[in-house]
Amino acid sequence: MAGSLTPIYGGMSILSLVSGWIVFTKAGRPGWAIIIPFYNLYILLTVAGKPGWWLILLFIPVVNIVISIITSLGLAEKFGKGTGFAIGLVFLPIIFLPILAFSDAQYIG
C-alpha cells in the first residue's frame, strides 16, 4: 500500500519545491534558498516581513504553531491576499502555496 502512494508524495514534494522557488523569486530572493534547510525558513520569515531571529522561536513547541500562523498571515499580506488566504496557507499549504506561486499575485513587500 505504501509503495503505491510514493509517486503521490513525490509529486507533492516537487510541487511544494517548485512553488516555494517561484514565491521566493517573486519576492526578489534567490529561489534556490528553498532547498537549504533552516535557511529557507529564515528567507520565508523575511519575505513575510518578520524578523529573522524568529527562526529560533520555530524550535519551541507550541510557540512554533503561533509563529507559523503569524508568518502565513504576513506572507498573504505581502502578496496582497487576505486573511482567508492566510488560513488556507496554514491548513492547506499544498494547495494555497501553488496558487500564490502560479497566480498573478505580486510581492508588495
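For this structure, a couple of remarks:
- Residue in region 19-33 that is nearest to A105 (Cα to Cα), counting only those that are among the aliphatic types (A, V, I, L, M) and more than 11 Å from the chain's Cα centre (by Cα): A27
- Tally, over region 34-69, of residues that are surrounded by 13 or more Cβ atoms within 10 Å (Cβ to Cβ) and either more than 12 Å from the chain's Cα centre (by Cα) or of a type in the set (F, W, Y) (or both): 11
- Hits in region 87-104 (condition: surrounded by fewer than 16 Cβ atoms within 10 Å (Cβ to Cβ) and either out of contact with any helix residue (DSSP H, G or I) (no Cβ under 9 Å at 6 or more places or on another chain) or not β-branched (V, I, T) (or both)): F91, L92, F102, S103, D104
- Residue in region 1-33 that is nearest to I69 (Cα to Cα), counting only those that are surrounded by fewer than 11 Cβ atoms within 10 Å (Cβ to Cβ) and polar (S, T, N, Q): T6
Laboratory data are not the source of any read-out in this text; all were calculated from the coordinates shown. Remember, predicted model here, so these are calculated numbers, not experimental data. Here the Cβ is made from the backbone with ideal geometry for all residues, glycine too, and neighbour counts use every protein chain on show.
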